[in-house]
1. Give me the pairs, please: first residue somewhere in the range 1-14 and under 19 Å from ILE88 (Cβ atoms) and assigned to a loop (DSSP other than H, G, I, E, B), second residue anywhere and open to solvent by less than 80 Å² (accessible area, probe 1.4 Å) and among the β-branched types (Val, Ile, Thr), beta-carbon distance under 8 Å, and either six or more positions apart or on two chains.
2. Looking only at the range 23-34, filter to residues that are over 14 Å from the mean Cα position of the chain (by Cα) and surrounded by fewer than 13 Cβ atoms within 10 Å (Cβ to Cβ); which one of those is farthest from ALA91 (Cα to Cα)?
3. For a quick check of your reading of the model, give me the residue pairs whose first member lies in the range 44-68 and is farther than 15 Å from PHE82 by Cβ, whose second is exposed (fewer than 12 other Cβ atoms within 10 Å of the Cβ) and at pLDDT below 95, with beta-carbon atoms closer than 8 Å and at least 6 apart or on different chains.
4. Does the range 70-97 hold any residues that are assigned to a loop (DSSP other than H, G, I, E, B), modelled with pLDDT under 95 and touching a helix residue (DSSP H, G or I) at 6+ places or on another chain (Cβ under 9 Å), and which are they?
5. Are any residues in the range 47-69 exposed (fewer than 13 other Cβ atoms within 10 Å of the Cβ) and in a helix (DSSP H, G or I), and if so, which ones?
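The values are calculated or read from the model by the stated rules, or taken from the named source; none is laboratory data. Only a predicted model underlies this, so the values are computations on that prediction, with no experimental measurement involved. Quick reminder, even Gly has a Cβ in these numbers, built from the backbone with ideal geometry, and neighbours come from all protein chains shown. Just the protein is used for accessible areas: all its heavy atoms, side chains included, with ligands, DNA and RNA removed. Shrake-Rupley method; radii C 1.70, N 1.55, O 1.52, S 1.80 Å.
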Amino acid sequence: MAKLTDTEITDRLKSLAGWQYKDNAISKLYRFKEFMDGIRFINRVAEMAEAADHHPDILINYTRVTFTCTTHSEGGVTEKDFMLAEQIERAFAAKPG
């Protein structure tokens with residue numbers, strides 16, 4: 001899957017509230033009430049990522065979880081990253097669990 005241009009990435013980010021483009025990746029910070037809420041969310045995202053065979057970098061900082069998506073084999077952001085970001089957004093909107 002081909003790497004997207006900066007313009008394509010900027011345009012696509014308009015539909016993903018809170019996601020940012022930096023250092024050849026897109027990322028978003030999510031906040032949770034409790035530590036385990038974030039961990040449960042990570043587990044849901046991990047299942048989706050495994051099914052898609054596309055895995056984000058995950059940073060856990062107590063009740064804050066940051067997902068960073070990039071396609072390492074392409075050296076930047078591709079459609080796969082946006083597909084995963086959209087899945088993460090839908091999972092967050094659906095919450096609990």
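1. Listed by first residue and then by second, the contacts come to MET1/THR71; MET1/THR78; LEU4/VAL77; LEU4/THR78.
2. Applying the first criterion (over 14 Å from the mean Cα position of the chain (by Cα)) to the range 23-34 yields 23, 32-34.
Subsequent filtering for residues that are surrounded by fewer than 13 Cβ atoms within 10 Å (Cβ to Cβ) retains 23, 33-34.
On the way: ASP23: 25, LYS33: 16, GLU34: 17 Å.
Result: ASP23.
3. ARG44/GLY97
4. Quick first cut of the range 70-97, residues assigned to a loop (DSSP other than H, G, I, E, B) only: 70, 75, 77-78, 95-97.
Narrowing further to those that are modelled with pLDDT under 95: 75, 95-97.
Passing the criteria: LYS95, PRO96, GLY97.
5. Narrowing the range 47-69 to residues exposed (fewer than 13 other Cβ atoms within 10 Å of the Cβ): 47, 50-53, 57, 59-62.
GLU47, GLU50, ALA51, ALA52, listed by residue number.
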